[in-house]
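Q: Handing you a structure now.
The values are calculated or read from the model by the stated rules, or taken from the named source; none is laboratory data. In this text, all values refer to a predicted model and were calculated from it rather than measured experimentally. Virtual Cβ from ideal backbone geometry, glycine too; neighbours counted across all protein chains shown.
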Amino acid sequence: MLRVYDLGHSRAGDKGNTSNISVTAYDDAGWDVLQRELTAAVVAQAYSHITPGPVRRYELPKLRALNFVIEGALGGGVTRSLAQDVHGKSLSTLILTIELPGR
Amino acid sequence: MAKPTDVVRIGVGAGFADDRIEPAIDLVERADLDFLVFECLAERTTARESLTRRHDPEKGYNPRLIERMERILPLCLDKRVRIVTNMGAANPGGGARAVRKMAEEQGLGDVPVAVVEGDDIESIIRTMPELPVMETGEPVESLLPNMVAAHAYLGADVVCRGLETGAPLVITGRVSDPSLFLAPAMHYWKWAPDDLPRLAAGTIAGHLLECSGQLTGGCFADPGMKDVPDLAHLGNPYADITLDGQVEVGKCPDTGGRLDRATATEQLLYEMHDPAAYITPDCVLDVTDVELHESGPDRVRVTGAAARPHTDTYKVSVGYHDGFIGEGQVSYAGINAVARAKLAAEIIQQRLRENPYNYTEMRVDLIGMSSLHGREPDGPEPYEVRLRVAARCDSRAAAGQVGFETRAMHVNGPSGGGGGIDPIIREILAVQSVLLPRQLVKPRIYVEGAA
């Protein structure tokens with residue numbers, strides 16, 4: 001198994017109660033795996049204990065990047081969340097723990 | 001570090017309210033800037049500052065405005081670098097007058113300051129209770145009794161009018177973040193407000209710059225995997241933009257951080273949803289075909305941005321009172337620490353349920369285990385764990401009880417609980433967004449002092 005961590009890097013942004021989490025591949029080989037295996041469903045499963053979603057996935061092949069938009073992930077939003085990390089900045093490192101089948 | 005003759009160079013002074021000032025000073029001293037932009041308004045800041053202004057009609061601008069301007073304005077006047085900032089928050093006019101007073105006292109003379117107002121549209125929202133809240137679709141009506149402020153995100157066209165006054169400093173309230181950077185480019189090159197390829201260029205530059213150090217290696221380092229040199233002296237970025245909309249971003253030599261495809265890609269997608277439709281007041285930006293090229297050390301050329309015309313609405317942030325959050329923390333260590341922390345959490349929650357207050361939402365975090373990602377890790381338990389309890393409540397008294405009951409664990413809870421803190425009580429100003437037809441918003445631009 002490969003971890004997303006081994007293939008790419010990630011940053012999370014917040015808007016209201018929605019988190020967007022990008023994953024950028026380090027190289028073409030990593031991009032092939034990420035593009036094929038890191039589906040919206042896989043990501044939704046990894047965040048399912050935080051939010052029922054939905055999760056939308058956008059592809060940016062020229063940047064070798066995926067962008068996941070995860071609704072309901074921020075405990076009501078930055079301004080009213082009970083969480084420690086109200087912006088969900090640390091949610092970027094959760095996606096990196098996902099394990100994917102290699103080729 | 002002279003700039004090429006065919007570009008306008010726009011630097012970042014600050015990318016968030018608590019940003020450092022030294023990188024801004026360094027940029028002005030060494031980077032041959034034309035403009036310096038301070039972006040300092042988080043989503044709820046204008047609402048909070050609206051409350052400040054009610055207590056003191058001359059206040060309500062960013063509390064750090066004067067200390068920042070004391071440091072940077074003399075340099076900018078000397079080097080003819082013009083400043084654009086949204087640090088006016090809920091009172092741009094008051095901010096302008098305060099800066100002028102400071103400048104006079106510092107011997108800088110009579111400094112004219114352009115003011116951009118009209119983003120405060122609370123009175124309009126009160127007459128439109130049917131407007132749907134963007135995230136829920138529910139009418140905004142239910143928020144109105146607790147509303148403290150409503151501000152529209154104005155665009156670059158309005159900031160341009162501030163720059164056209166010739167004042168060395170333009171102070172705004174709520175303006176969309178990329179617009180603060182697009183405006184100087186539009187003004188400098190006299191771009192038309194419907195020139196979509198150039199709006200795309202200025203908007204993508206603004207989007208990359210708006211969080212300052214997040215473009216140059218901040219929020220990026222992961223030791224051994226993604227190393228970033230000298231983060232203690234992280235440099236702020238600038239953008240070079242040509243008349244026809246070519247964009248390169250860079251940073252000063254001999255500053256910390258790094259600027260390359262990896263850092264720029266992370267920032268390009270930061271706070272972006274659909275990459276084909278990043279909506280600003282100026283245009284709808286499409287970054288689907290954007291490419292990033294490393295054109296030199298710590299220098300990235302940005303190509304392929306496209307734009308469609310702006311929408312008919314302004315996004316409006318509605319700030320409203322949303323009760324209180326109370327919080328307490330206490331720590332446990334050693335053998336069976338996690339079980340003791342969990343027992344403490346049960347006791348605290350039971351005490352809160354049995355008191356006369358009503359807690360609509362409670363949250364228990366085990367810091368060191370599950371507080372950030374929300375799941376308990378497999379494998380051995382941590383040696384130490386910190387319990388955090390937070391609850392949503394409708395009164396200050398109820399919020400205070402959360403921390404009170406948590407600190408009681410020092411004496412009345414499981415063995416070895418220590419390191420409790422004073423109860424945290426936060427009064428919540430929450431924000432929701434609505435869309436308002438643009439023609440209802442009437443921006444005002446004027447100059448404090450002789451231009």
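Q: For residues that are at the interface with chain B (Cβ under 9 Å from one of its Cβ atoms), under 21 Å from B:MET134 (Cβ atoms) and crowded, with 19+ Cβ neighbours inside 10 Å, tally how many sit in region A:62-75.
A: Residues flagged as at the interface with chain B (Cβ under 9 Å from one of its Cβ atoms), under 21 Å from B:MET134 (Cβ atoms) and crowded, with 19+ Cβ neighbours inside 10 Å within region A:62-75 amount to 3.
Q: Now for a different question. Criterion first (in contact (Cβ under 8 Å) with a residue 40 or more places away in the chain, among the hydroxyl-bearing types (Ser, Thr, Tyr), under 15 Å from B:ILE347 (Cα atoms) and not in a helix (DSSP H, G or I)) does B:SER433 satisfy it?
A: No.
Q: I'd like the full set of residues that are in contact (Cβ under 8 Å) with a residue 24 or more places away in the chain and within 14 Å of another protein chain (Cβ to nearest Cβ), limited to region B:370-397.
A: Residues satisfying the conditions are B:VAL385, B:ARG386, B:LEU387, B:ARG388, B:VAL389, B:ALA390, B:ALA391, B:ARG392, B:CYS393, B:ASP394.
Q: Same structure, new question: Here are the criteria: (1) over 22 Å from B:ASP19 (Cβ atoms); (2) buried (at least 18 other Cβ atoms within 10 Å of the Cβ); (3) in the same structural domain as B:ARG20 (by TED's automatic domain parsing). Tell me which single one B:GLY256 does not satisfy.
A: It is condition (1) that B:GLY256 fails.
Q: Let me ask another. With respect to B:SER395, determine if the residue is under 30 Å from B:PRO129 (Cβ atoms), surrounded by fewer than 16 Cβ atoms within 10 Å (Cβ to Cβ) and hydroxyl-bearing (Ser, Thr, Tyr).
A: When the stated conditions are applied, B:SER395 passes them.
Q: Within region B:153-176, identify whether any single residue is among the hydroxyl-bearing types (Ser, Thr, Tyr), buried (at least 16 other Cβ atoms within 10 Å of the Cβ) and in a helix (DSSP H, G or I), and answer yes or no.
A: No - not one qualifying residue is present in region B:153-176.
For every residue, the table says whether it meets (1) more than 14 Å from chain A (Cβ to nearest Cβ); (2) under 25 Å from A:SER22 (Cβ atoms); (3) among the hydroxyl-bearing types (Ser, Thr, Tyr).
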site: B:ALA185; (1), (2), (3): yes, no, no
site: B:LYS190; (1), (2), (3): yes, no, no
site: B:LEU199; (1), (2), (3): yes, yes, no
site: B:CYS219; (1), (2), (3): no, yes, no
site: B:ASP227; (1), (2), (3): no, yes, no
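Q: Same structure, new question: Looking at A:LEU91, is it within 9 Å of another protein chain (Cβ to nearest Cβ), part of a helix (DSSP H, G or I) and crowded, with 21+ Cβ neighbours inside 10 Å?
A: Taking the combined requirement at face value, the residue satisfies it.
Q: Of all the strands (runs of 3 or more DSSP E) wholly in region B:279-368, which have at least 1 residues that are touching a residue at least 40 places away in the same chain (Cβ under 8 Å) and more than 11 Å from chain A (Cβ to nearest Cβ)?
A: B:283-286, B:291-296, B:299-303, B:306-309, B:313-333
Q: Restricting to region B:29-65, and then to whatever is charged (D, E, K, R) and part of a helix (DSSP H, G or I), can you tell me which residue is nearest to the other protein chains (Cβ to nearest Cβ)? Let's see the steps before the verdict.
A: Initially, region B:29-65 is screened for residues charged (D, E, K, R), giving B:29-30, B:32, B:34, B:39, B:43-44, B:48-49, B:53-54, B:56, B:58-59, B:64.
Cutting the leftovers down to part of a helix (DSSP H, G or I) gives us B:29-30, B:48-49, B:53-54.
Working: B:GLU29: 30, B:ARG30: 28, B:ARG48: 10, B:GLU49: 14, B:ARG53: 19, B:ARG54: 19 Å.
Within region B:29-65, the match that is nearest to the other protein chains (Cβ to nearest Cβ) is B:ARG48.
Q: Is it the case that B:VAL402 is in a strand (DSSP E or B) and either among the β-branched types (Val, Ile, Thr) or away from chain A (no Cβ under 12 Å) (or both)?
A: When the stated conditions are applied, B:VAL402 does not pass them.
Q: Select, from A:GLU37, A:GLU59, the only residue that is charged (D, E, K, R) and within 12 Å of chain B (Cβ to nearest Cβ).
A: A:GLU59
Q: For residues that are closer than 22 Å to B:ARG261 by Cα, more than 9 Å from every other protein chain (Cβ to nearest Cβ) and in a loop (DSSP other than H, G, I, E, B), tally how many sit in region A:1-34.
A: Final tally of qualifying residues: 1.
Q: Tell me which residues, restricted to region B:230-253, are over 21 Å from B:ARG20 (Cβ atoms) and of a type outside the set (Gly, Ala, Ser).
A: B:ASP240, B:ILE241, B:THR242, B:LEU243, B:ASP244, B:GLN246, B:VAL247, B:GLU248
Q: Does any residue in region B:13-33 that is aromatic (Phe, Trp, Tyr) come within less than 8 Å, Cβ to Cβ, of a residue that is assigned to a helix (DSSP H, G or I) six or more places away or on a different chain, and which pairs are these?
A: Here the result reads B:PHE16/B:SER212, each pair linking region B:13-33 to a residue that is assigned to a helix (DSSP H, G or I).
Q: Can you tell me which residue within region B:407-451, out of those that are away from every other protein chain (no Cβ under 14 Å) and of a type in the set (Ser, Thr, Tyr), is surrounded by the most Cβ atoms within 10 Å (Cβ to Cβ)?
A: So, considering only residues that are away from every other protein chain (no Cβ under 14 Å) and of a type in the set (Ser, Thr, Tyr), the one surrounded by the most Cβ atoms within 10 Å (Cβ to Cβ) is B:TYR446.
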